[in-house]
Amino acid sequence: MRMKMKRIYYIIFIALLSLTSCNKWLDVQPELEIRKDAIFENEQGFKDVLTGAYIRLATPSLYGLNTTMVIGELISQHWTPLSGTLSAYLSSFDFTRTESKNMIEVVWLQYYQTILNINSILENIEIKKDMFTNGNYDLIKGEALGLRAFLHFEILRYWGGVPANTLPTDKAIPYVKNVTKDPNKLISNTYKEVLDNILLDLNEAEQLLSGDPVLVYSNAVLNSPATLAGVDKTKPYPSDEYHFFRQVRFNFYAVKATKARFCLWTGDNTGALENAMSVINAKNSDGTSKFVLGNETAANNGQLTFPTEHIFAVNNTLSTQTLTSVFFNNNTAYTQNATYLNSAFETTLHASDIRYRNNRLWEVRVIPLAGNFNFFKKYNDTDSKTAVKDIPIIRLSEMYFIAAECGGEASFRDYRIARVLDPSIDGTLTSATAIKDRLEKEYRKEFYGEGQMFFFYKRLNYNKFTWPVVKNVTEAAYKLPLPESQLMFE
């Protein structure tokens, strides 16, 4: 893990919030009240607990696998399901099977346990404000508030209704602001209450992060702490090691990008465009772009998540081992038919697409007695290429898609050029319907294995999938059922 831990308080704290009984939601151990004073006795304790939250996000239970590569991808038909397994159940929108229910509950609880960790920071940081140095009070509180808003929005996008058909008074999800055992604080809020709280936290986070190091230094500098040793003392570098690696922290631009998503979800296209363009147009002090669309060099080096695009990612040093076992085994369900893939990537029209050509994204292997299989390579260290340690959650290309959908379609050309797509598509974005049709194709190509296709379908309430085969879809497929551990409070 690049964010080095100096102490292990966060491990103790996470353990105190772990799942150890049937009454999972309320199982916050009494020792928490004893230990929290020690955990938060100094600034480092706050850093450690927040780092612990990021570590949890990177585990397979959340963005290390389930919420990026499994649930949304299976519902969106991106993988070839194996009969009688979780992959088959989720692909057929069957959330009643034990396997489906277990995964849904794990994800729900992991989300909220991360939120409880964050809330512990926010409950204690005000009374310890004077002990913080180097602007870390604003930085830590801003990250915590932004991350709390982001995670509740993620939960809402999975468990809430289709936005266009959800009333403000409809029950949605709990917006939890405390470390609590009070059942009354775990009851689902209304849809409007959740949206209001998300925006409130995001706005405060944006203000607090107005001094974020990512606004002062380039990502190249922030991702190279070794320069503190004095490689080039003529250049400015942060004096606090906590200020590095902002792309795997909930930074200022992660707030802006989340606002762009939020506004798009709620139908505020003006706000969505404004926030998306603020990320696209972000500049370093020398005038270079803060975030850069991935190019041929990155793709050729196996960096198919395009790290220069990462607005917010999670870092997992074990991702290569974990994901290789998922995607590169002979019994994997996480593969796809070559004919369908050629159709998805429009290979006849876009023969030079940097993601798909030269077998970069998929590798065909012959399995004895089984035939040819396509293995997904986005997250694998293959052919001596760069291993993926940072799993993207928000990328720059999504901001281009949001801009294109909300009136900034001219910016789509930059994305098209970066991916080396055929220029003929530039002239096709002449109506809202044409833009939506093009974006459906591009979301699939761009975010294969990242979970974003599901949210595109849900937001626009698609009632039929046309790829890989025609499949009718009801609204029920877009709303994960509340787990049993939550139903007791409803």
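The values are calculated or read from the model by the stated rules, or taken from the named source; none is laboratory data. Since the model is a prediction, treat every value here as computed from it, not as a measurement. Cβ placement follows ideal geometry from the backbone for every residue including glycine, while neighbour counts extend to all protein chains displayed.
A compact table of results
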{"item": "Hits in segment 354-372 (condition: touching a strand residue (DSSP E or B) at 6+ places or on another chain (Cβ under 6 Å) and either part of a helix (DSSP H, G or I) or under 25 Å from Lys441 (Cα atoms) (or both))", "result": "Trp362, Glu363, Val364"}
{"item": "Residue match in segment 401-414 (condition: buried (at least 17 other Cβ atoms within 10 Å of the Cβ), farther than 18 Å from Lys290 by Cα and of a type in the set (Gly, Ala, Ser))", "result": "yes"}
{"item": "Condition broken by Tyr334, with the remaining ones in (1) in contact with a Phe, Trp or Tyr (Cβ under 6 Å, 6 or more places away or on another chain); (2) modelled with pLDDT of 95 or more; (3) of a type in the set (Ser, Thr, Tyr) satisfied", "result": "(2)"}
{"item": "Tally, over segment 172-193, of residues that are outside any loop (DSSP other than H, G, I, E, B) and at pLDDT 95 or above", "result": "4"}
{"item": "Residues that are among the aromatic types (Phe, Trp, Tyr) and not in a helix (DSSP H, G or I), drawn from segment 328-353", "result": "Phe328, Tyr334, Phe345"}
{"item": "Long-range neighbours under 8 Å by Cβ, at least six apart or interchain, first residue in contact (Cβ under 8 Å) with a residue 60 or more places away in the chain and surrounded by 12 or more Cβ atoms within 10 Å (Cβ to Cβ) within segment 476-490, second assigned to a loop (DSSP other than H, G, I, E, B) and among the hydroxyl-bearing types (Ser, Thr, Tyr)", "result": "Leu482/Ser188; Gln486/Ser188; Phe489/Ser188"}
{"item": "Residue within segment 182-201 that is surrounded by fewer than 22 Cβ atoms within 10 Å (Cβ to Cβ), over 27 Å from Met488 (Cβ atoms) and of a type outside the set (Asp, Glu) present", "result": "yes"}
{"item": "Qualifying helices (runs of 4 or more DSSP H) (wholly inside segment 412-490; at least 3 residues being within 30 Å of Ser61 (Cα to Cα) and not aromatic (Phe, Trp, Tyr))", "result": "432-446, 452-459, 484-487"}
{"item": "Residues within segment 241-285 that are out of contact with any strand residue (DSSP E or B) (no Cβ under 9 Å at 6 or more places or on another chain) and surrounded by fewer than 18 Cβ atoms within 10 Å (Cβ to Cβ), tallied", "result": "11"}
{"item": "Members of segment 147-171 that are buried (at least 22 other Cβ atoms within 10 Å of the Cβ) and either among the basic types (Lys, Arg) or assigned to a loop (DSSP other than H, G, I, E, B) (or both)", "result": "Arg148, Gly160"}
{"item": "Flag for Phe401 being farther than 22 Å from Val326 by Cβ and modelled with pLDDT of 95 or more", "result": "yes"}
{"item": "Residues of segment 315-327 satisfying the condition of being crowded, with 19+ Cβ neighbours inside 10 Å and part of a loop (DSSP other than H, G, I, E, B)", "result": "Asn316"}
{"item": "Answer residue from segment 280-313, given it is hydroxyl-bearing (Ser, Thr, Tyr), out of contact with any Gly (no Cβ under 9 Å at 6 or more places or on another chain) and assigned to a loop (DSSP other than H, G, I, E, B) and is farthest from Lys389 (Cα to Cα) among those", "result": "Ser285"}
{"item": "Any chance Phe262 is closer than 22 Å to Ile118 by Cβ and in a loop (DSSP other than H, G, I, E, B)", "result": "no"}
{"item": "Filter result for Glu309 (surrounded by fewer than 19 Cβ atoms within 10 Å (Cβ to Cβ) and either closer than 14 Å to Asn380 by Cα or not polar (S, T, N, Q) (or both))", "result": "no"}
{"item": "Selection from segment 417-426 of residues that are closer than 24 Å to Trp467 by Cα and surrounded by fewer than 20 Cβ atoms within 10 Å (Cβ to Cβ)", "result": "Val420, Asp422, Pro423, Ser424, Ile425, Asp426"}
